[in-house]
Amino acid sequence: MTEPRKTANAGAAPVIPLFEFPQFDLPKFDLPKFDLPKFDLPKFELPKFELPAELRAIAEQGIAQVKAAYERAKAAAEQATGVLEHSYAAASEGAAEYNRQVVDAARANANAGFDYAIALLAVKSPTDVVEVSTAHARERFQALAEQAKVLGALVQKLAAETSEPIQTGVTKAFQNAA
């Protein structure tokens with residue numbers, strides 16, 4: 001038998017082969033090479049075709065009109081893209097302002113919750129708990145109504161600031177293209 005093979009894992013049990021694998025010497029085998037048949041394409045002589053001058057002038061005029069329409073459409077698309085980029089920037093700034101307002105409202109609500117908890121710790125009787133809770137609930141409902149009003153007005157303002165340039169700019173861009 002042969003010696004056990006050494007493995008990379010020193011702590012593992014040695015591997016003992018059950019039998020030896022035979023070694024074969026195979027001659028190198030080359031595939032035969034074949035030449036592909038070559039085909040020559042027949043050459044066709046096309047007749048010389050010449051347009052009359054009037055037809056050529058009409059074709060050139062049509063090409064000029066297509067080029068002009070393409071340039072107008074390209075300019076309109078670039079203008080519309082600029083308007084959309086400006087509106088996107090305005091929407092991004094507006095979203096950031098909205099997020100600031102939401103964070104401020106959340107901070108105010110959290111502070112009010114802590115103030116309420118501190119006020120509850122200072123009460124002496126169950127009637128005081130009811131009074132403190134009622135006052136806190138009234139203040140929170142008023143604050144939430146005010147926060148909702150501010151956020152709603154901000155959303156309306158943002159919608160107007162974002163959509164107005166799009167409406168006017170895109171309309172103007174496509175009128176120029178027409």
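The values are calculated or read from the model by the stated rules, or taken from the named source; none is laboratory data. All of these numbers come straight from a predicted model, not from anything done at the bench. Note that we place each Cβ from the backbone using ideal geometry, even for glycine, and neighbour counts take in every protein chain shown.
Quick notes on this structure:
- Apart from one condition, residue 66 fits all of (1) at pLDDT below 80; (2) of a type in the set (A, V, I, L, M, F, W, C); (3) in a helix (DSSP H, G or I); the exception is (1).
- Some residue of segment 112-133 being among the polar types (S, T, N, Q) and surrounded by 12 or more Cβ atoms within 10 Å (Cβ to Cβ): yes
- Hey, residue 157 of a type in the set (D, E, K, R), surrounded by fewer than 13 Cβ atoms within 10 Å (Cβ to Cβ) and modelled with pLDDT under 95 or not: no
- Scan segment 72-97 for residues that are among the hydrophobic types (A, V, I, L, M, F, W, C), more than 17 Å from residue 165 (Cβ to Cβ) and in contact (Cβ under 8 Å) with a residue 60 or more places away in the chain and the total you get is 2.
- First in segment 98-110 and surrounded by 13 or more Cβ atoms within 10 Å (Cβ to Cβ), second anywhere and among the charged types (D, E, K, R) and in a helix (DSSP H, G or I), Cβ under 9 Å, 6 or more apart: 109/140
- Condition check for residue 57: part of a helix (DSSP H, G or I) and at pLDDT below 80: no
- The number of residues in segment 134-154 being surrounded by 12 or more Cβ atoms within 10 Å (Cβ to Cβ) and closer than 17 Å to residue 91 by Cβ comes to 2.
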